[in-house]
Structure formats: structure tokens, C-alpha cells
Amino acid sequence: MNVLRPSLLMLALAAAFPAMAQSNEELLKELQALKARIGQLEAKLGATPAPAAPATQPQWGMTPEQSAEFNRIAAKTEAIQDNLQDKGFMGLKISGYIEPTYVWNQRQNRAGFQFLNQQSDGYAYDTSYFGAASIDFLKETDSGTIWHLTLAPNRGVGAAIDGASIVQEATVSVALTDQNTRFIAGQIPDWSGYEYQQPTLNPLTSHNLLYDFTLPVGYTGAGLDLKDGKWWVRTAIANLNAPVHQAGDKSAVWALRLDYAKGEYDGWGFASVVGKTPNFNTGTNTMSFIAEADGYFTRGDLTLQGQVAYGQQKEGAITPAADGSWRDSRWIGASGLVGFMFTPRLQGLLRADYIYNRKNGGGLFGYNGYSGADENGDLAYGNDGRNGLGPDLNGDLDKGANRFAVTIGGKYAVDTATTVKLEYRLDGADRPVFEDVRNGTFKKTNSMIATSVVVAF
């Protein structure tokens, strides 16, 4: 580093600034101060030793000790992987949840815990799928094939279909041309709507009216699973709500689910089912058509979800014609949910549902009127007094009840694996269809309080 000597620097400054000659005394003081600072700098530079050239070239890579330790860890890791591979644990993920639930039902005049209760109690909005315990096994092989088995004793899809099976889902997904084009087969839970069956994904304890009464339970069949950017399409040809057909039954349905994720926090979906489905009026399968659209939107603490649905079933109405022949059912429904995060752990929730179901005494998907014969051998039909479906038995049997429900509640995350839920739900109809079991009368409304704790792993 070259530094100008103080004497030379003074001469240069004097030549460059002749206008400063009239203040020689001040200039001399400044030059002396500058000389002192330059002297200090020279002293500091002189005190700094020059770096010595390395005697040998620096070592590249690991030392012998480091190399030995690395080889030891690599061998141990490979042995662990081989052990997992031999035992079938490579690519296996196990998860599950448990949800003890407490329910108070006004018209049913009962309150108590619900947990793993059998579907022989009947499928109702005050039991639905909550109060369950489930374990999930998901295995992905090196080839990309995904094997999925979910068990949910008494409270899953299998129990709702035949009352005994513990299988919620049993599917295999095989990659075809690529990982986003797959063949799927097995028992597939229904994929309609904005709510999920799993309590870890459903914000409230109960489900909305459309979920409970206008959608299929599940499919047993095969189809395709396709993903392309923001689009996701699933379709299958399957038995609906049945693991096997009875003798003489060759019917099947075509099920479709289409999803579009506009962004990470908003999107929409569409689902439909076309084909012959179980009809409890006739004891056979009759033609049905179901279509629904749903969407979600999340911004900051606010969450919005919604669904609209339309459905019809041939000979599925609750009230038969004057000649005893069964008439068609038809319904339209809507459901919406608003959620707001008051704190990072506490979310407030409000849900509202409505189903227009007047035609021919009412009748929803799988909820028909026939219930056997009375003491005279005549057909006995009527409403579902627990769920509030069907006509007013003391009024016009040709008009079914239009149903609504309003649910207010919240959920609190105790930790990442534990959530507590609490809700009050008011169910109602435009005619008295809720049976009060204390005196056998029918009312237009019913109240329910439900709380549950969901623990997942």
C-alpha cells in the first residue's frame, strides 16, 4: 500500500489551493493533524504481520477420522433401510383419530356419550359419523402404487352400508402413464360436498343436511384419478352403497368428481352420480341423478364454504299415488358455513342448511316412505320423525317437509393433535315432523347440543 509522505502532501495541497495562502496558520494546523493521522496509519500497517505462505497445500475433503465416521453412519443407515424394506415398512404411513362425543337431543329426550355405537341405532343427524375411532394405513411402493386401508368400527362407510363392516376405505391406486394419471379400485368413500367425514377435517361435530341426506355413502368399483395443474378429476363405474349385488341385479352408477384449485386458499368442485340406486319403496334399484357444486374461500382469519345440490330418484317419493304406485322424488338444497379465527387456536363457526323437499310427500336419497305393512296388510308409509323428513301425518300427505338447520359453535386447538368442539344446532321444518318421544306428538323444531374432543396422531 502506497502512502504519500507528509511533506509531499503539504506541497501538493499548497499548490492546489492557492486561495488558502492568506490563512497559513490554519492550513498548517490542518496539515499537522493530517500528518499525525497518517503516521498512526503507517504504524498500524507496520504492526500487522504479513501472512506467511503455507508450508503445504491445504487438505481437501475429510480427515481419515471423519471418513471412517461417515462410512460407519452410511452402513448403519443402509442396514436400517434394508430392515424396513424387508418388513414392509418402507413408504408406510400410519395415522388415526379418536372422537368421544356427548349429545343432548330435545325431542328424542336423551343425553349421553356416543362412541363406537352401531349403525343399528339408525343413521340420523344426531349420530351421523361422529363418536368414532379410526386407524389409517397408507403404503406407497417404489413403483408409485398406493395402497390405502382405513378401519372405522361401527361408524364408517362399511357400517353405514351393511351395518357390520369396519372398513371405511380400501383402495389401490396404480400409476399409469405418470404419477398424475392413475387407475383406482376398491371401496371408495363418497367424494361429494364441502364437508368431510373425518372429524379432523370437519370443523363442527355434526354434518350439514346435504351431507347427511342427499349424498351417497360410498362406491365399490374402479375408475381413474387424473391431476393436471390446478385440475383434479376422479371418476368411477361402481356399485353404489353396496359391496356386492344381489342375484339378478346388474345395475351400476357412474360417479364423477371435478375439483379446481384457483389458489392455495380458494377453489371449487362439482360431483354427480347417474345410474340405478337402491330404492326402499320398491326393494329394487331405480334410476337416480344427483349433482352438486361446492366451493371454499379463505382470506386471513375468515373462511367461507358453500354447497348447492339437486337430486331426483324414480319411484322414490314417500307418498304413493292413489292407485298405490310409487311416485318420483325430487329435492333442491343449499348449505353454507362461515368460520372466523378469533385467536390462532379458537375458531367461531356458523352454518346454515336448507332442503326444498315438498314433492309427493318428500323423499331424499335413500330416504323413501315404505316401512312394511300395517295390521290390515296395507302399505304403511309415513315420515322419519327423528330426522324430520316426510309429510305431516295429520295433514297433507302429498307435501313433504322443507327442512332447515342452523348451527352455531366453535373449536379450540388444545395442541397440534387435540381439538375440542362445541355446537348448538336448531333443526326445523315448515310442518310438524319431529316426533317428541315423551308424548308421541310432532313438532316443527328440534334442538341439539353436541360436544366432542378429537385426538389425532
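Counting only protein heavy atoms and a probe of 1.4 Å, the accessible surface of region 209-323 is 62% carbon and sulfur. Residues within the reach of a label modelled at PHE342 (point 7 angstrom out along Cα to beta-carbon, backbone nitrogen below 18 Å), restricted to region 406-450, are 407-415, 419-425, 450. The alpha-carbon of LYS29 sits under 27 angstrom from the alpha-carbons of these lysines, leaving out residues fewer than 8 places away in its chain: LYS44. Normalised size of region 280-330, defined as Cα radius of gyration per 2.2 N^0.38 Å with N residues, equals 1.81.
Of the trypsin sites (Lys or Arg not before Pro) found in region 205-244, those in coil by DSSP whose Cβ has at most 15 other Cβ atoms within 10 Å are LYS230. Heavy-atom accessible surface of region 259-413, averaged per residue, reaches 46 Å², computed with a 1.4 Å probe. Extension gain for the segment VAL172 to LEU426, taken as residue separation times 0.36 nm less the Cα-Cα distance, is 87.4 nm to one decimal.
Accessible surface for region 55-159, divided over its residues, is 60 Å² per residue with a 1.4 Å probe.
Cross-link partners of LYS411 among aspartates and glutamates, defined as those whose alpha carbon lies under 12 angstrom from its own and excluding same-chain residues fewer than eight positions apart: GLU423. Surface composition of region 150-192: carbon and sulfur make up 60 percent of the accessible area, probe 1.4 Å. Spatially, region 252-307 and region 144-174 are offset by 20 Å when compared through their Cα centroids.
With the cut-off at under 17 Å, measuring from each backbone N in region 178-200 to a point 7 Å along the Cα-to-Cβ line of ASP228 picks out 178-183.
Considering only protein heavy atoms and a 1.4 Å probe, what is the carbon-and-sulfur percentage of the accessible area of region 63-133? Working shown, then result.
On the way: 2420 of 4260 Å².
Using a 1.4 Å probe with all protein chains present, region 63-133 comes out at 57 percent carbon and sulfur.
Here is the link list: LYS93/LYS227; LYS276/LYS314; LYS421/LYS443. Which ones come out longer than 19 Å on Cα distance? Long pairs (Cα-Cα over 19 Å): LYS93/LYS227; LYS421/LYS443.
The values are calculated or read from the model by the stated rules, or taken from the named source; none is laboratory data. These numbers were taken from a predicted model, which means no experiment stands behind them. Note: ideal-geometry Cβ built from the backbone for every residue, glycine included; neighbour counts use all protein chains shown. SASA here: full protein model, heavy atoms, side chains in, ligands and nucleic acids out. Shrake-Rupley method; radii C 1.70, N 1.55, O 1.52, S 1.80 Å.
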